[in-house]
Structure formats: structure tokens, C-alpha cells
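The values are calculated or read from the model by the stated rules, or taken from the named source; none is laboratory data. What you are looking at is a predicted structure, and each value in this text was computed from that prediction instead of being measured. Here the Cβ positions follow ideal geometry from the backbone for every residue, glycine too, while neighbour counts run over all protein chains shown.
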Amino acid sequence: MNGIIGRKLGMSRFFGEDGLVSPVTVIEAGPCPVLQVRETAAGPSVQLGFGAQKAGRSSKAELGHAKKAGVEHAPRRLRDFALGRDGTAPDVGAVVTVDIFTPGDRVKVTGTTKGRGFQGVVKRYGFAGGPATHGNTRYRKPGSMGPGTDPSRVIKGKKLPGQYGNVRHTETGLTVVKVDTERNLLFVRGAVPGPVQGVVVVRKQGKRSRYA
């Protein structure tokens, strides 16, 4: 397996053997039962579950899908992981835990960022704003929108105030510094998207990406 589903617990510090202190994000990763294995043109695809949903909130289809894999409760989250043509898929009913990772692994974490509502251009895009001098009333306004004669309109795609946050984001180039198999905890150096208790997906990153 190359990935697992988890929940962000918060951030802390990790003291390495060399005495260096690293900011880490603590993720409760798994255990995740394997509910389904499908063969695709790109290789096997494994469906993992995370958490347990109350029986009263589970549909018959969800309960039946879990029962086929030998899972008592319907999972709260389901995610598919593509393994590629060279990947080896686990058996249906098996449990994936944090022991698939080792310290030093490079991983990428996908989650939903914090929703910040309707925001202006200063917070949304980092605009400098207007002069902070006496008499000025345009401290945080976007300023000129473009030419007035031609095309005499606001061009599409202009950076303007609007909804900020609450989108899927993948943070790449993170490093695993510690794996706690007894408590199903994963310590990742750096920050990951989403609020505390937010559900995230941790995948192995085979090689360096464009950014990290």
C-alpha cells in the first residue's frame, strides 16, 4: 500500500537525536480496513475505510458493502488508492496501519483547508492595499480594475474579493519523522491542510515534485 486515511490531531515539536527541533503535525492514521479491490487499466485500485459510522446513520447499501469485506460497522470515510501496474494489492478484509511508513519517507498529504468565508483581496491574495496615510479611505481596497476605454469592463479572472478557503489542497514534500504503531500516530514534519480533527489522506511520494 502507498497511502492511508487519517485525522489531523494538531501540531507539536519533535526533538531529534542530533538535538534539532522540528515542527511536526500529529496524524491519527488508520487502522483502515480494505473494503474493495478493483482491477483497472492503470493497475489495482484499493478502497480503504476509516472510522465507524453509527448503525442508525448507515444505509443498507453501506452496511452491505462493509459486510462483504467482513467489517462490522460502515466506515465514516471511503477513499480509493491507485497502486499502479507494479503495485501489489492487499486482500479484502485486511487492515492497513501506519507501519506501511518508516521514518524518513517523503509523503504528500491531502485535506480540505479551513473555510474563511468571504474575504477581501488583502487577505485572499496578499495585496498591499492603499496608502495608510491621513485622509485615505482605500486602505484595503483592490484599486484600479483595468482600462476604462477598451475593453470598458472587468476582465474575467481578475483577483477580486470572494470565498476563501474550504478547498481540497495537497501539501507535498513532507517528511515522516516518527511512526507510533501502538497508538496509530504519524508524526510528519511541517504543516498539513485542514483544521484539527479534519480528515486527511497521506500518500507516499516516490520522487521529488515540482515544489518539494
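For the range 100-112, the set of residues classified as under 18 Å from G49 (Cβ atoms) and touching a Ser or Thr at 6+ places or on another chain (Cβ under 6 Å) consists of T110 only.
Restricting the first member to the range 99-121 and to residues that are within 19 Å of V177 (Cβ to Cβ), and the second to residues that are aromatic (F, W, Y) and surrounded by 14 or more Cβ atoms within 10 Å (Cβ to Cβ), the beta-carbon pairs closer than 8 Å and six or more apart or on different chains are V107/F101.
A quick yes/no check of all residues on (1) more than 18 Å from V177 (Cβ to Cβ); (2) in contact with an Asp or Glu (Cβ under 9 Å, 6 or more places away or on another chain); (3) of a type in the set (K, R):
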{"position": "S12", "(1), (2), (3)": "no, no, no"}
{"position": "A69", "(1), (2), (3)": "yes, no, no"}
{"position": "E72", "(1), (2), (3)": "yes, no, no"}
{"position": "R76", "(1), (2), (3)": "yes, no, yes"}
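Restricting attention to the range 21-71 and to residues that are among the polar types (S, T, N, Q), outside any strand (DSSP E or B) and over 23 Å from the mean Cα position of the chain (by Cα), the residue that is surrounded by the fewest Cβ atoms within 10 Å (Cβ to Cβ) turns out to be S59.
Yes or no, residue by residue, for (1) at pLDDT 95 or above; (2) among the small types (G, A, S); (3) closer than 11 Å to V109 by Cβ; (4) exposed (fewer than 15 other Cβ atoms within 10 Å of the Cβ):
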residue	(1), (2), (3), (4)
R153	no, no, no, yes
K159	no, no, no, yes
Y164	yes, no, no, no
G173	no, yes, yes, no
T181	no, no, no, yes
V188	yes, no, yes, no
V202	yes, no, yes, no
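Of everything listed in (1) in contact with a helix residue (DSSP H, G or I) (Cβ under 6 Å, 6 or more places away or on another chain); (2) modelled with pLDDT of 95 or more, the single unmet condition for V24 is (1). Flag set for K123, criterion: over 16 Å from V200 (Cβ atoms) and outside the structural domain of A66 (by TED's automatic domain parsing). List the number of the failed condition for T113; all other conditions in (1) over 30 Å from V200 (Cβ atoms); (2) within 30 Å of the chain's Cα centre (by Cα); (3) of a type in the set (S, T, N, Q) hold. So T113 meets the others, but not (1). Assessment of the range 75-82 against the conditions (surrounded by 17 or more Cβ atoms within 10 Å (Cβ to Cβ) and more than 22 Å from the chain's Cα centre (by Cα)) yields no matching residue.
A residue that is touching a residue at least 12 places away in the same chain (Cβ under 8 Å) and under 30 Å from I5 (Cα atoms) occurs nowhere in the range 137-160.
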